[in-house]
Every structure is written in C-alpha cells, then in structure tokens.
Amino acid sequence: MPLSEQEQRLLDEMERHLMGNDADVVSTANGSRTLSYRNIVYGSILVLVGLGGLVVGVSSQIIAVGVVAFVVMLGGVVLAVTPTRSKSTSSSVPQTSRAPKAKASASFMDRMNDRWDRRQEGR
C-alpha cells in the first residue's frame, strides 16, 4: 500500500531529523566514551570462568554454584561492553551542551503531535 504525499513528506522530514540527531549522538559518543580493550579482555575472561563454573554447577547439580557462575558471566558481559570515559575529551565537553538538544527534540515532538492532531481533526 503506497504512502500518500503527506505521509511521504512527514516520513522524509522525520528521517532527516533522525539522521541529524544520530550524527550528533555518534560524534558525541565517539568523542567522550570508548570501549576499553582491557575491559573487553577482563570481561571475556570472566565470561569463560563463569561458563566453566556453570558447567561444573550443572554437572554436580549444585544450584548455588550455577547461579553464582551465571552472575559472574553476566558481570563479565557488562564489564566487556561498558564504555569508559576518555580523560582527554571529558574536560573539554561542557555539561550544559545536552540541554539545547533536548529542547530541540521536544519541539520536534511537539510539531509531530500538532500534525497528528490536525490529521485526526481532518477526518
């Protein structure tokens, strides 16, 4: 089912806005937070230790060992994927830089809500 012209324009505008915001998010995220190889290695080791403990817990039918091993595995995954704040860029990025983006996002949502209301009134 093809989209109407109005729906296509709305979709194009939403896509442009999303791409603009994604570029801001990507540049901010890459500049201030990075994955640490040390954390990835330690997290992987914890996952392997937890997996071994889980196998031991299941084979010996001791539930407590299995649960603790699962928690260790979960902690290893969280450690591996948690980004660390880089020290060189954390002081150069002001904390107030996020407020205007939230304000612009709110106005975008307000416009979308207004358009939705106008569309519903037209029916």
Per-region count, the range 56-84, residues free of Cβ contacts under 8 Å to residues at least 24 places away in the same chain and either outside any helix (DSSP H, G or I) or surrounded by 13 or more Cβ atoms within 10 Å (Cβ to Cβ) (or both): 11
Ser105 polar (S, T, N, Q), modelled with pLDDT under 70, assigned to a helix (DSSP H, G or I) and under 23 Å from Leu18 (Cβ atoms): yes
The range 26-55, subset exposed (fewer than 13 other Cβ atoms within 10 Å of the Cβ) and either in a loop (DSSP other than H, G, I, E, B) or hydroxyl-bearing (Ser, Thr, Tyr) (or both), residue modelled with the lowest pLDDT: Ser27
Any hit, the range 91-101, residues being of a type in the set (Gly, Ala, Ser), closer than 25 Å to Met19 by Cα, at pLDDT below 80 and surrounded by 11 or more Cβ atoms within 10 Å (Cβ to Cβ): no
Which listed residue is modelled with pLDDT of 85 or more and under 22 Å from the mean Cα position of the chain (by Cα), from Ala23, Ala80: Ala80
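The values are calculated or read from the model by the stated rules, or taken from the named source; none is laboratory data. On a predicted model such as this, the values are computed, not experimentally measured, just so you know. Glycine also receives a Cβ, built like all others from the backbone with ideal geometry; neighbour counts cover every protein chain displayed.
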